[in-house]
Structure formats: structure tokens, C-alpha cells
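Chemist: Got a structure for you, questions after.
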Amino acid sequence: MNSHIPGGGEAPRYLTDEEREKLRQFNILTAEANTIREKDKVLIKSLFRNFYSKKLNVGIGFQRAYGSILSGDYFDLIQLPDGNYLFIFADMSGHGLPAYTNLVRLRSAITMSIGDAKKIYEHSGSVDSDFLVRNITTKFTDIMEEANSQDFACVLFTFIYNDGDKFHLRFYNRSMLFPIIVRKFQKNIVGLYNLNYEEKGWHPLKGNLLSSDVRMILEERYLECPSCGFTLYEGDSILYYSDGIVEASRKDRQSEEFGEERIMQILRDNLNLMPQLVVHELFAAVYQFMERPEQQKDDMTAVLIDFPPVRY
């Protein structure tokens, strides 16, 4: 059967061979992008189900910007050579193919840097989180510079260390949103912490976004990235989310965004649901707020990790 493009009230126009080839390549690219993201989702969930010999529940949601087949949002869970974990949550500038291309570049920099960390660990017996973040930063920026790219990436590196019923998080934030923490006890919320704001001794520290242009301006200071720590307990939940969710807006009310308070209210209202159901509720609320799917101007990604409570 010949492919054709329907015209408005006119007889259908059949595709040329060149157009059919472009359509075929488009369909292949779409299928590959969907397959890669689904494999990432399955892999990360399986890693969390054997996380320091504990079974953690995780909910993952992502939607590309309206009309895009590729996404610039990225997340990955990596087991380090010393047995600890690194969770990476990132957002590339723009969306579509350019953003996805930079995502691939970031993944390449991470893969090479983890390889370096394994070699160092064989001799030193330790993983230096400061060095690993600087190494990823340098490699990614070198790749961007070689490609003459003026795009940038916002990345949050979270190193996770287990200590009995506690998990110590060490954040290195390169201009990304911090997560929201839900502290629970006996199925009730006893604390809700938006780590983007100072609260009760918590001081969110950020470095600059990753960009070859920023490195040129800052020179040696570009590699500086302060770290900050937060402790999770079994029973807590942590939500990572991209700015596409926060900045979602209605067509007729561009000044009003979905915002963080609505996200926190959804966490309150769905306290005891499984993480994947909470993520579904979050995305449903965002789309209801936008009213029209074409209002989604940016990629949207959320990862909710639920640390199961201690059983007595």
C-alpha cells in the first residue's frame, strides 16, 4: 500500500520515495528512543529492588515535550566500585534531537568516568566522589566544546551511602532542582522538606550549570561544586522532578505555573499509595492543570523512591 498525506478536503497526496524514506527513519528513531527509555526504566527499578540487599519501591514517569519524539531529561542509577550508589538526574537545554544528542554526550562522559573510577579503586580501594564529579564535568564539557555546542546541562549527582536504617545522601548540584523529601512514621507525614530552600539546618548549595561557554568565563572556578548532605531514614520517600513539571502553565494564564506547592500537596494526598501510582497522580494533575496537551512546552520527568519502613 502506498503511503499518503491527507489534504484538507482534497484528494490524498501520495508520498515520494524520499518522503517515505524520511518517514521510515522517523519511525525507527521513535521506536529506538522508546525502547531505550523503557529499558532504562526496567533496569533502574531492578537495581532499586536489590539496593544494599533492601527492596525499595520506585515510581518513574516521563513525557516528552509536545510534538517531540526525543527527550533531554535523563536519570540513571549506577553502582560504584565500592558498592555504594550514584543516582544522576539531569536536564539538557532545549528538547528534541539537540537535547537528546547532548544527553548521549553526557552518558558517554559518565561511562568513561565510571571506568576511570574502577581503575582507581583497584589501586586505592576507595571512590573519591569529588574527583568523580569533576571528571564527569570535564569530560562532558570537553565533548561539548569539540562539538562547538553552546547548549548546556543541569545535573544533580546524588551519592548514596547506607548505614543500617539510614541512607546518607551527598549532593553535588550543577544548577538542577533539588528533590522533595517526605518523612513518614506509621503511615503519617511527620516532615515534608523541599530541599530547594533552607530549612532546619539544611543549606542547599549549587554549582554552575555545565557548559563550555561557562567554563570559558569561569576558567578554573568552573570545576568548583560544593556538596551538601541529607540523611534519609527507612520509611522516607524522595521525589526527583524536572522543571518541565514545575513550569507547566495554561495557555490563557501564562504567569501561573503548576509550581512546587501543588507537587507537595499531591505527595500529602497520596501518602500511602505505591510510588508508581503517586507518579501517575502527579502527571494527571499536571495535564489537568495545563488543560491542553499542546501546552506541554518542555520534557517532564519524575522519579519517586520509597524507602520501606522498618518492620518490628
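The values are calculated or read from the model by the stated rules, or taken from the named source; none is laboratory data. Everything numeric here is computed off the predicted structure, so don't read it as measured data. Neighbour counts are summed over all protein chains in view; Cβ atoms, including those assigned to glycine, are modelled from backbone coordinates with ideal geometry.
Chemist: Looking at the range 117-135, I want the residues that are farther than 22 Å from Gly229 by Cβ and have a partner that is part of a helix (DSSP H, G or I) with Cβ atoms under 8 Å, at least 6 apart or on another chain. Which pairs are those?
Modeler: Correct list of pairs: Ile120/Phe131.
Chemist: Here is a follow-up. Restricting attention to the range 171-201, which residues are closer than 21 Å to Phe51 by Cβ, at pLDDT 95 or above and either surrounded by fewer than 18 Cβ atoms within 10 Å (Cβ to Cβ) or in contact with a Cys (Cβ under 8 Å, 6 or more places away or on another chain) (or both)?
Modeler: Matches in the range 171-201: Phe171, Tyr172.
Chemist: Here's a follow-up. So which of Tyr66, Tyr100 ends up being of a type outside the set (Gly, Ala, Ser), under 19 Å from the mean Cα position of the chain (by Cα), at pLDDT below 90 and crowded, with 19+ Cβ neighbours inside 10 Å?
Modeler: Among Tyr66, Tyr100, only Tyr100 is of a type outside the set (Gly, Ala, Ser), under 19 Å from the mean Cα position of the chain (by Cα), at pLDDT below 90 and crowded, with 19+ Cβ neighbours inside 10 Å.
Chemist: Check Ser212, Ser237, Ser255 and return the single one that is more than 18 Å from the chain's Cα centre (by Cα) and surrounded by 19 or more Cβ atoms within 10 Å (Cβ to Cβ).
Modeler: When all the criteria are applied, what remains is Ser212.
Chemist: Test each condition in (1) touching a helix residue (DSSP H, G or I) at 6+ places or on another chain (Cβ under 7 Å); (2) closer than 18 Å to Phe62 by Cβ for Asn270 and report the one that comes out false.
Modeler: Just one mismatch for Asn270, condition (2).
Chemist: Answer with yes or no whether Glu220 is modelled with pLDDT of 95 or more, part of a helix (DSSP H, G or I), over 22 Å from the mean Cα position of the chain (by Cα) and acidic (Asp, Glu).
Modeler: no
Chemist: Of the numbered conditions (1) at pLDDT 90 or above; (2) within 21 Å of Leu239 (Cα to Cα); (3) part of a helix (DSSP H, G or I), Leu77 fails exactly one; give the number of that condition.
Modeler: Only one criterion in (1) at pLDDT 90 or above; (2) within 21 Å of Leu239 (Cα to Cα); (3) part of a helix (DSSP H, G or I) is unmet by Leu77, namely (3).
Chemist: Only one residue in Ile245, Ile238 is touching a residue at least 24 places away in the same chain (Cβ under 8 Å), closer than 29 Å to Glu291 by Cα and part of a helix (DSSP H, G or I), so which one is that?
Modeler: Ile245
Chemist: Can you find a residue in the range 137-147 that is touching a residue at least 24 places away in the same chain (Cβ under 8 Å) and in a strand (DSSP E or B)?
Modeler: Scanning the range 137-147, I find no residue that is touching a residue at least 24 places away in the same chain (Cβ under 8 Å) and in a strand (DSSP E or B), so the answer is no.
Chemist: Now for a separate question. Identify the single condition in (1) surrounded by 16 or more Cβ atoms within 10 Å (Cβ to Cβ); (2) at pLDDT 90 or above that Gly229 does not satisfy, given that it satisfies every other one.
Modeler: For Gly229, the exception is condition (1).
Chemist: Say whether the condition of being of a type in the set (Val, Ile, Thr) and farther than 29 Å from Arg107 by Cα is met by at least one residue in the range 159-180.
Modeler: no
Chemist: Which one is farthest from the chain's Cα centre (by Cα), of the residues in the range 76-87 that are among the hydrophobic types (A, V, I, L, M, F, W, C) and surrounded by fewer than 21 Cβ atoms within 10 Å (Cβ to Cβ)?
Modeler: It comes out as Leu80.
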